[in-house]
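Okay, structure first, notes after.
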Amino acid sequence: MTDILSHELLQIIWFLLWGLLWAIYFILDGFDLGMGTLLPFLAGTDDERRIMYNAAGPYWDGNEVWLITAGGVTFAAFPTAYAVLFSALYAPLLILLFALIFRAVSFEFRNKINDPQWKKVWDVFQFLGNFVPALLLGVAFAGLFQGIPINENGVYTGNLLSLLNIYGLLGGIFFVVMFAVHGALWLNLKSEGILRSRAEACAHKLWLPLAGIAVAFLVATAFYTPLYSIYLKTPVLGIIPLLAVIMLFSIRIMLQAGKHISAFASSAGFMLCVTLFGVIGMFPNIVFSSIKPEYSITVTEASSSQLTLTIMLCVALICVPVVLIYQSWVYKLFAERVTEKSLQSDHAY
Amino acid sequence: MDVVMLSRLQFAVTVFFHFIFVPLTLGLSVLLAVMETLYVRSGNEQYKRMAKFWGKLFLINFALGVVTGISLEFQFGTNWANYSKGVGDIFGSILAIEATLAFFLESTFIAVWHFGWDKVSKKVHCFAIWAVAFASNLSALWIIIANGWMQNPVGSEFVNGKAVLIDFWTVISNPFAWSQYAHTILGAWLLAGFFVLGISALHLVRNNEKDFFDRSFKLAATWTLILAVALPLQGHSHGVTVTKYQPAKLAAMESHWESTKSAPLYLLVFPDEKNRRNYFEALPVPGMLSFLAYGDTQAEVAGLNQIGASDFAEFAAKTGYKADAPVVVMADGEKIIRPLKPEDAIPPVLPTFLSFRLMIGLAAVFFVLAVVAWLRRKDIGEHPKIARALAWAIPLPYICLMAGWTVAEVGRQPWIVNKTMLTVQGISAVPASSVALSLAAFIVVYGCLGVLDIWLLRKYAMRGPEPAGHVAGVA
């Protein structure tokens, strides 16, 4: 059974699945992260804030599992990349972790004590717990595309600020705005009345900045990263960035046409294409070294054995469709809009 | 402190904190599933109220368990990069499978259960909590298969410092892992039993919601008694498994220094680690240690002074160990060298020895408490002293489980992968100052969150269930 697929083919499959997993994580947790970032700007009353919490209520935990899975797959399929990247990105990852911890706790704790001060504290943590991960994921992925200062031993020689250059910051802002639009489009589907119209208006207003930053990011990518070389070599792959641009415009068009579900789907498609554009651009490397190209780590060097990749592929092929089926069932189950009335239930956050 | 010690401390702090929340999730999920099944079967609303009340406590506990788990997964990469690089082929794939098989199931169905009371049928709702119970106990299985491989690395070979998977089935059927899994699960379920017993007893003494807490108490009393009997029996069998695969750990648990045939079990003994002997050994039970370890009073039990050298020889032959080679080279070129002498290839004896005794002592206490609780299951409300003792006993299983894991993990030292990779060889080339900072942050943040969470748990536990017939209300 182990020789059905060659090691090289398995490595390419897993590299693409790796990119796909991150994309799924961004799409799913993206709306939670975006909504949390918008919390102070969209919600005026306690009920409105609670509607925003509950619009993420049944999903945020399941969405975060995609992060655990993306991390786990990095560890399993590309252990060397996992080791080098995670130790290199020590500070940003730990800050990300603390932010996610505070986010989870703010969901669970906020409504347990009926006191405005208590709630205010958790609202601040909810905002930070969503804004900071969005920013750091952007900075980290921009750093990944650009290359990180690792030496011949795969040891990080930079400091905390090495990633915070112009391109890294641009990546961070790009992710924050992209997630915010995604979150606003989600809230547009999950709320009613004035809050919903505020969410819609917000998505409208943020679209132009998003388009501007996305274009700036794509242009800067040409100057700061080697990502485009594979697209120049294999022009057919150019369809991915092209699709990203189409999806970006589709968000606007669908929003204007009042097709709110399609607008959200376009935003998801946009995030998928952006992620795949970056990940595929890295091939055949999985970690660029900004010190010397020779210190970069290729997909082949980083990967696990053929047997492990085969077993994991079997597990993924059997389990992931099942996961997708029951997760979509849950999305459908809780599809109705969160209203002030539904906050009366004693299970609501 | 150097980066090795700081990284180890950080892992210890974060894993112990994580394990405050996990065992209650493992055990209480099953109890909730039983309560809700009783509700679906009998139609008695009281069981629904029980599932809701204990479920609320379950959810307060659950959230922190989830997020503190992510910091463990991340730490393998951030702080144990060399380990991750070396074992990703096996250890990493098991973690990925754990997430795919268990975490998705758990997180999705907990949402159905939490938010779905009015959205799905009774049976589907009951199925959701069974799915959560199954998934959380399944995730424990996978993580312990991963840990079991560190304790007893089967199904793989080491090539140039990297583990390569040879036989997946051997890895997942690792007898050490299954024994340790059974031990952990029984302990976690026992902990949940005492949690329900203690809180119910306090309410019964106050004559609050008598029928409600009577039912809770009776259910938990039977559950806890079964576990308090099963745990020591399985614990003995786990001890035999440990002896088989990790004789050094057993010797450290018993502070047994010299290989002896027909080894006695000393009832009074205290290790003198520095001089590699015991300060005193008194009240021997002849042949008992041999009997407990091997089921034969004549068997030879290996002592620490002999095991260290032989384990080291095995390790050196397998990996070509060079004591003067740096375990890691930092970004600034600093080489971290931690040579290991053959005689030092043994675990720290005192913490292993004391944790083991603490665990055994508490197990005896649990047995007594479980019997008393069961005998008083019908009239615990009239015995305030016993009730209060049960409430005060709630933290004890937590302490017991942590002591048990201390035996398992400190007793595995100096290896990160038994006789194959040294713990020091696993670290990342991250500056000690970064680790010190993150460790401090973990202690402060976890400290605050832990206090808050326990305070909230206590508050909601003491408030008791919502009045019967209650339909909606804002907390």
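For the stretch B:156-253, report the translational diffusion coefficient in µm²/s to the nearest whole number, using Stokes-Einstein at 25 °C, 0.890 mPa s, and a Kirkwood Rh over Cα pairs.
149 µm²/s
Quick one: ranking A:314, B:448 by accessible area, 1.4 Å probe, largest first, what do you get? Let's see the in-between values first.
Numbers: A:314 55, B:448 80 Å².
Result, largest first: B:448, A:314.
Using 7 Å Cα-to-Cβ label points, what is the residue B:466/residue B:285 separation (nm, one decimal)?
It works out to 5.2 nm between the two label points.
How big a patch of accessible area, both sides summed and in Å² to the nearest 100, lies buried between B and A at a 1.4 Å probe?
Details: alone 21580 and 16100 Å², together 31280 Å².
Separately minus together, B and A give about 6400 Å² buried.
So what's the projected area for the stretch B:108-187, the Cα convex hull averaged over all directions, in nm²? All intermediate terms of the calculation are to be shown ahead of the outcome.
Numbers: hull surface 28.0 nm².
Dividing the Cα hull surface by four gives the mean projection, 7.0 nm².
Less than 17 Å apart at the alpha-carbon level, and either on another chain or at least 8 residues along: which aspartates and glutamates does that give for residue B:318?
Straight-distance partners of residue B:318: B:157.
Just to verify a number: what accessible area does residue B:245 come out at with the full protein assembly present, 1.4 Å probe, Å² rounded to tens?
50 Å²
At 37 °C and 0.692 mPa s, grab the translational diffusion coefficient of chain B from Stokes-Einstein with a Kirkwood Rh over Cα pairs, rounded to a whole number in µm² per second.
Values: Rh = 24.0 Å.
Roughly 137 µm²/s, to the nearest whole number.
May I ask you to give the percent of accessible area on the stretch B:209-357 that is carbon plus sulfur, with a probe radius of 1.4 Å?
C and S atoms contribute 62 percent here.
Whole percent per 10 Å bin, from 0 to the bin with the longest distance: what is P(r) over all C-alpha pairs of the stretch B:402-454?
Spelled out bin by bin, the stretch B:402-454 gives 20, 27, 41, 12, 0 percent.
Which distance in nm do the two modelled labels at residue B:119 and residue A:194 give, with both placed 7 Å along the Cα-to-Cβ direction?
2.7 nm
Over the alpha-carbon set of the stretch B:362-422, divide Rg by the Kirkwood Rh and report the Rg/Rh ratio to two decimals. Could you put the intermediate results ahead of the total?
Values: Rg = 17.9 Å, Rh = 13.9 Å.
Reported Rg/Rh, Kirkwood definition of Rh: 1.29.
For residue A:286, enumerate residues with amide H under 5 Å from its amide H, sequence gap 5+ or separate chain, H modeled in the peptide plane.
Excluding prolines and chain starts, which carry no amide H, the hits are A:297, A:298, A:299.
Out of A:109, A:249, A:270, any idea which swings most in a Gaussian network model of chain A, alpha carbons joined below 10 Å?
A:109
In the Gaussian network model of chain A, springs joining C-alpha atoms below 10 Å, which of A:266, A:162, A:191 carries the largest mean-square fluctuation?
The residue that fluctuates most here is A:162.
Please give the solvent-accessible surface of residue B:2 in Å², to the nearest 10, using a probe radius of 1.4 Å with every protein chain present.
Near enough 50 Å² of accessible area.
Per 0.36 nm of contour for each residue apart, how much would the distance between residue B:233 and residue B:350 grow if the chain were fully extended, relative to their Cα-Cα spacing?
Details: separation 117, 0.36 × 117 = 42.12 nm, distance 2.52 nm.
My answer for the length gained is 39.6 nm.
Could you state the number of Å between the C-alpha centres of the stretch B:111-188 and the stretch A:187-202?
That distance is 41 Å.
I'd like the distance between the alpha-carbon centres of the stretch B:191-240 and the stretch A:273-349, rounded to an integer number of Å.
41 Å
Counting only protein heavy atoms, what percent of the accessible surface of the stretch B:122-193 is carbon or sulfur at a 1.4 Å probe?
On the way: 1850 of 2580 Å².
That share works out to 72 percent.
List the longest stretch of chain B that has no exposed loop site; here a site is one of the GluC sites (Glu not before Pro) assigned by DSSP to anything other than H, G, I, E or B, with at most 16 other Cβ within 10 Å. Could the numbers behind the result be given before it?
Details: sites that count: B:258, B:334.
Answer from the scan: B:1-257.
Can you grab the distance from the C-alpha centre of the stretch A:83-154 to the C-alpha centre of the stretch B:285-354, Å, no decimals?
So the two Cα centres are separated by 39 Å.
Where a Cα-Cα gap under 22 Å defines reach, which lysines qualify for residue B:378, not counting those fewer than 8 residues away within the same chain?
Leaving aside lysines fewer than 8 places away in the same chain, those within reach of residue B:378 are B:48, B:210, B:218.
How much length is gained if the chain between residue B:300 and residue B:218 is pulled fully straight, taking 0.36 nm per residue apart and subtracting their Cα-Cα distance, in nm to one decimal? List each step's numbers first, then the result.
Values: separation 82, 0.36 × 82 = 29.52 nm, distance 4.60 nm.
Length gained, residue B:300 through residue B:218: 24.9 nm.
Write out the trypsin sites (Lys or Arg not before Pro) in the stretch B:265-367 meeting two conditions: DSSP loop, and at most 12 other Cβ atoms within 10 Å of their Cβ. Spell out each step's value before the answer.
On the way: sites: B:274, B:276, B:277, B:318, B:322, B:335, B:357; in loops: B:274, B:276, B:322.
The qualifying sites are B:274, B:322.
Just to verify a number: what accessible area does residue A:283 come out at with the full protein assembly present, 1.4 Å probe, Å² rounded to tens?
That residue has around 70 Å² of solvent-accessible surface.
Cut-off under 12 Å on the C-alpha distance; same-chain residues fewer than 8 positions from residue A:332 excluded. Which aspartates and glutamates are left, in chain and number order?
Candidates past the 8-residue exclusion: nothing left.
Per residue of the stretch B:378-394, what does 6.51 cos²θ - 1.76 cosθ + 1.60 with θ = phi - 60° give for ³J(HN,Hα)? Whole Hz please, x for Gly and Pro, Karplus curve as stated.
Running phi through 6.51 cos²θ - 1.76 cosθ + 1.60 with θ = phi - 60° gives 9, 9, 4, x, 8, 10, x, 5, 5, 4, 5, 4, 5, 5, 5, 7, 3 Hz.
The values are calculated or read from the model by the stated rules, or taken from the named source; none is laboratory data. Here the structure is a predicted model, which is why all the values come from computation and not from measurement. Methodologically, a virtual Cβ is constructed for each residue, glycine included, from the backbone with ideal geometry; neighbour enumeration extends over all protein chains shown. The protein model used for the area step is the full one, side chains on, heavy atoms only, and it has no ligands, DNA or RNA in it. Shrake-Rupley method; radii C 1.70, N 1.55, O 1.52, S 1.80 Å.
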